[in-house]
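A.B. asks: Quick one: the structure is below, questions incoming.
The values are calculated or read from the model by the stated rules, or taken from the named source; none is laboratory data. Owing to the predicted nature of the structure, the values given are computational and were not obtained by experimental measurement. Here Cβ is always computed from backbone atoms with ideal geometry, including for glycine, and neighbour counts include all displayed protein chains.
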Amino acid sequence: MNSHTKSGTHLNLNKDIYDSTTAIMAALNKIAPTSSSRQKPSELESSIANALYDLESNIPDMKTALRPLQFVSARELEVGHGKKAIVIFVPVPLLPGFHKVQQRLTRELEKKFSDRHVLFLASRRILPRPKRSNRSRTSQTQKRPHSRTLTAVHDAILGDVVYPVEIVGKRTRTREDGSKVLKVVLDEKERGGVDYRLDTYAEVYRKLTGKGVGFEFPLGGAAEY
């Protein structure tokens, strides 16, 4: 091998390394900069970042919609019957952007992560009740935003889990042992598209909130709540 050939090989190798490094950095940009996962992503989070970047780069009609989207973190959850689900947490301000492409994006990601359902949830934080103290003059005026209360966050999680399916009714049932379970009625029009995902929805909600939930559709196309 002459010097010119060696030089050309060396240049090609450097270019390959540069291209690979650039692609890795571009993929990591799909993780929100405020997330600790940006610096130390899990194997799952790295895979999701790569998948999002790959879709953005290779599907022209998704490029514009996907470019500004980033996620905060991701978890893989057991949902029973030997199956798993991937829950991708996204910044609250970016949730509407995900909703615009969520149905197609979910399908594309589920092709890449076979045998797993993919769900997108906003990364919400529950704030504790402010403590009242006689020593604090501001204690009486301290208020949590309603969106940060336990009830509001759990309601929002429920809506995220089933999106884009509309929730048309809710009721709480008390079991014989005194425990309570939430029954959520979904839009009948969406039955064919999500019927097979209901167990996943219920288990993901239970693991994230600690609350039992059952999903169903109106009997005979109508129901009373």
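A.B. asks: Against the conditions (1) crowded, with 18+ Cβ neighbours inside 10 Å; (2) out of contact with any Asp or Glu (no Cβ under 7 Å at 6 or more places or on another chain); (3) not β-branched (Val, Ile, Thr), where does Ser73 fall short? Just the number, please.
C.D. replies: Checking Ser73 against (1) crowded, with 18+ Cβ neighbours inside 10 Å; (2) out of contact with any Asp or Glu (no Cβ under 7 Å at 6 or more places or on another chain); (3) not β-branched (Val, Ile, Thr), the one that fails is (2).
A.B. asks: Another question about this same structure. How do the helices (runs of 4 or more DSSP H) wholly within segment 80-199 filter down when requiring 1 or more residues that are of a type in the set (Gly, Ala, Ser) and under 14 Å from the mean Cα position of the chain (by Cα): which remain?
C.D. replies: 95-112, 150-162
A.B. asks: Next up: Say we look at segment 71-88 and pick out the residues that are basic (Lys, Arg) and in contact with a Lys or Arg (Cβ under 8 Å, 6 or more places away or on another chain); which of these is modelled with the highest pLDDT?
C.D. replies: Going through the qualifying residues, I end up with Lys84.
A.B. asks: Suppose we filter segment 195-216 for residues that are hydrophobic (A, V, I, L, M, F, W, C) and modelled with pLDDT under 95; how many remain?
C.D. replies: The number of residues fulfilling the criteria is 0.
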